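First up is the structure itself, then whatever we jot down about it.
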Amino acid sequence: MDLTTNSRNNKLSKEEIIFPSNGNKAILVKLSVNESTQQIINALELGSYKPKLIILVFGGATGSLDTSSTSVNNLFPILDSILQYASDNDALIIDGGTQAGIMELLGQRAKDLDPNKKPVLLGIAPMGRISLPESIDKKNDDKGSKHDKAELDPNHTHFVLVEGNEWGDETMKIFEIASASSFGDIPVVALLAGGGKISKKEVIFCIDRKWPIIAIENTGYLADEIASYKNQKETNQNRLAAKINLLGRRLRGKAKTKAPQHLPNDVQLRKIVSYPSLHFFPSDANRRNQSLDKFLLYIINYDPLLEDAWQNMALYDKSAKNLQRNFNRFQKSILGIGVLTTLLAIIQTQYNISPVPFDTIAKPILTVVPITISFEVFRNIPYYILIILPLTISILIAALNRFRYGAKWVLIRAAAEAIKSEIYQYRTISSPCEQKQEKDIPLISPKEKLSNSISFINSSLMKTDISLHGLYEYKGPLPPEMYGAAENDDGYSKLSEEQYIKIRIDDQISYYQKTAFKLEKQLKILQWLILLSGGAGAFLAAVHFQILIALTTTLVATFVSFLEYKQIENTLIKYNQSRTELYNIKLRWQSLSKTERGSCEKKDMLIQKTEDVLRTELSGWIRQMQVTLEKLHSKKETANEDNTSGNNNA
């Protein structure tokens, strides 16, 4: 290992070292316990470097990490994700820096990265435990045997060696640098793989600072011990209800329960297991289709209020989809049965043709089976069908009016979209200059505004028919699965104006374009069916084949009703108008200079105009659907009365 000394004083020395194994260069800083954090950062030449995230990697060195081939191979894609995420997001990675365990594996995965895109890998270790050539520090020779010391990993970019002869003496310096005020108020997340006593101490320090922790499962030692007790704790909690139910029987001597499995007496381990920001990530994540970079985004930007908002939105979204599905089934059933009723009525009244008597088929069966039944019942099956079908339509219409699937679907869909709009506004408006101080009116924080808006939406919704409806339970991912650019959105991180345009405007424009094309196709098909059915009726009238005119008339009415309840024409118009307005908003934003885009007023205008367009489209759809539902209900009731009376007369 070659050495070039750049600067040195009594307390702190900075060296540039070159690793002969791969030719990599790194900055090495050696210090005593008295140097300030800022001095260390300056010596590391990190003064101008402003990381957006700090990732602490704790865990197994030699003897405290599962180094089996399966475990190591499973760790590689996770480490690759960490390095790629750090490279893409200017994250600083801090670990022990030695050529052992998880630190060596991390260095191995970093060696193949483009040097220009390689993230900062900072290793911090006790000076007395690091083996250095005599040309660097001759004084280290008497601080321990050579074989008791560790080599520095040749793929790290920076090192800090602190005064100390034991592993763990570097721990406080790790947390001092991670908490450095010069880095600003940036998030810190800890990653644990394997680990022993020192790692447990480091995890406790993270908990004291309220930093989130990710434990990689199946990496052995501390990480697996924590996962095991965490699962045991959750299992015990799930058993609690059953134990309470059995308590009375146990006291009466009718049943005995086993003593619960308690967590160990280790106070630190109890504290770790009970930490709410402790998360677990599977080591075989590449086989479970889970992405660590998305997991990191979720943890770093986790916001309980946002999670509740997404949960609320997902609940309404799922309920709206189920109600829409039920409404469509009812509508199609009513229309289909109406056409079938007309066809059977024509056959019965005009041709006086009855199906083969049912008793002809049933008699041999009923002769064998000892059942006493009148065969006369089966002779009138065709007539029963003609009576049952109109009654079925009446029942379906009454059920549709009673359960109001259509109206409930519209209301819940409106609530889901309203909450979604509030979420995107909350995530985009992150600067205090977005709020204007009104005279005698206190400023409302974004969190309070989101909370108040969702509370208002929920309260308003519960004042409608939805209060009589059970909402469907949602257990899927948060945010719920969405189309387009939103598929790659973690749902929690703050959005820049460009990200807002991509996720909210471009995504919606794409949706409008694709849906408008489908609606146009449906509209043309239905219009052709209406024209062809009407033409067929005119042809039948011209050739004096009046017996089927009623069927063509019914088909025309069915297609018209389907077109009305689908609201294809109005929706197509609204989608095209909204798409154009959103595109114009995007064009106006792109025409602004960089200085103008930095204006709070322009940012606010972008968001407000976009959400206004989407709200206008949604409110217009709601009003039109409500009017259409009322018309459909009245039309179907009238038509059903006519069919019933017509069949009775027949």
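The rows are residues; the columns are (1) assigned to a helix (DSSP H, G or I); (2) at pLDDT 85 or above; (3) surrounded by fewer than 16 Cβ atoms within 10 Å (Cβ to Cβ); (4) of a type in the set (Asp, Glu).
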residue: Ile365; (1), (2), (3), (4): yes, no, yes, no
residue: Ile371; (1), (2), (3), (4): no, no, yes, no
residue: Phe378; (1), (2), (3), (4): yes, no, no, no
residue: Leu391; (1), (2), (3), (4): yes, yes, yes, no
residue: Leu396; (1), (2), (3), (4): yes, yes, no, no
residue: Leu411; (1), (2), (3), (4): yes, yes, no, no
residue: Ala414; (1), (2), (3), (4): yes, yes, no, no
residue: Ile419; (1), (2), (3), (4): yes, yes, no, no
residue: Ile423; (1), (2), (3), (4): yes, yes, no, no
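Could you count how many residues in segment 570-605 are open to solvent by less than 80 Å² (accessible area, probe 1.4 Å) and either touching a residue at least 24 places away in the same chain (Cβ under 8 Å) or among the hydroxyl-bearing types (Ser, Thr, Tyr) (or both)?
19
Here is a check on your reading of the model: is Ser283 at pLDDT 65 or above, open to solvent by 40 Å² or more (accessible area, probe 1.4 Å) and among the small types (Gly, Ala, Ser)?
Answer is no for this residue.
Go through Lys52, Lys30 for me and flag whichever is open to solvent by 60 Å² or more (accessible area, probe 1.4 Å), in contact with an Asp or Glu (Cβ under 8 Å, 6 or more places away or on another chain) and modelled with pLDDT of 80 or more.
Exactly one residue qualifies, and that residue is Lys52.
If you check Leu523 against the conditions, is it assigned to a helix (DSSP H, G or I) and either of a type outside the set (A, V, I, L, M, F, W, C) or over 24 Å from Asn326 (Cα atoms) (or both)?
no
Given Lys243, Lys201, which one is modelled with pLDDT of 90 or more, surrounded by fewer than 17 Cβ atoms within 10 Å (Cβ to Cβ), outside any loop (DSSP other than H, G, I, E, B) and not hydrophobic (A, V, I, L, M, F, W, C)?
Selected residue: Lys201, the only one of Lys243, Lys201 that is modelled with pLDDT of 90 or more, surrounded by fewer than 17 Cβ atoms within 10 Å (Cβ to Cβ), outside any loop (DSSP other than H, G, I, E, B) and not hydrophobic (A, V, I, L, M, F, W, C).
Find all pairs meeting these conditions: Cβ atoms under 7 angstrom apart; at least six residues apart or on different chains; first residue within segment 608-621 and over 18 Å from Val410 (Cα atoms); second residue crowded, with 17+ Cβ neighbours inside 10 Å and hydroxyl-bearing (Ser, Thr, Tyr).
Glu611/Ser421; Val613/Ser578
Across segment 93-114, what is the total count of residues that are of a type outside the set (Gly, Ala, Ser) and either open to solvent by less than 10 Å² (accessible area, probe 1.4 Å) or in a helix (DSSP H, G or I) (or both)? Working first, answer last.
So in segment 93-114, the residues of a type outside the set (Gly, Ala, Ser) come out as 93-95, 98-99, 102-106, 108-109, 111-114.
Adding the requirement that they be either open to solvent by less than 10 Å² (accessible area, probe 1.4 Å) or in a helix (DSSP H, G or I) (or both) leaves 93-95, 98, 102-106, 108-109.
Going through segment 93-114 one residue at a time, the tally reaches 11.
Looking at segment 627-650, which of its residues are modelled with pLDDT under 75, open to solvent by 70 Å² or more (accessible area, probe 1.4 Å) and either of a type in the set (Phe, Trp, Tyr) or assigned to a helix (DSSP H, G or I) (or both)?
Passing the criteria: Glu630, Lys631, Lys635, Glu637, Thr638, Glu641, Asp642, Asn648, Asn649.
Are there any pairs, at least 6 apart or on different chains, whose C-beta atoms fall under 8 Å, with the first in segment 523-543 and free of Cβ contacts under 8 Å to residues at least 24 places away in the same chain and the second loosely packed, with under 13 Cβ neighbours inside 10 Å and part of a helix (DSSP H, G or I), and if so, which?
Leu540/Gln546
The values are calculated or read from the model by the stated rules, or taken from the named source; none is laboratory data. Note that this is a predicted model, so its numbers are computed, not measured. Neighbour counts are summed over all protein chains in view; Cβ atoms, including those assigned to glycine, are modelled from backbone coordinates with ideal geometry. The accessibility values were calculated without ligands, DNA or RNA, using every heavy atom of the protein model including side chains. Shrake-Rupley method; radii C 1.70, N 1.55, O 1.52, S 1.80 Å.
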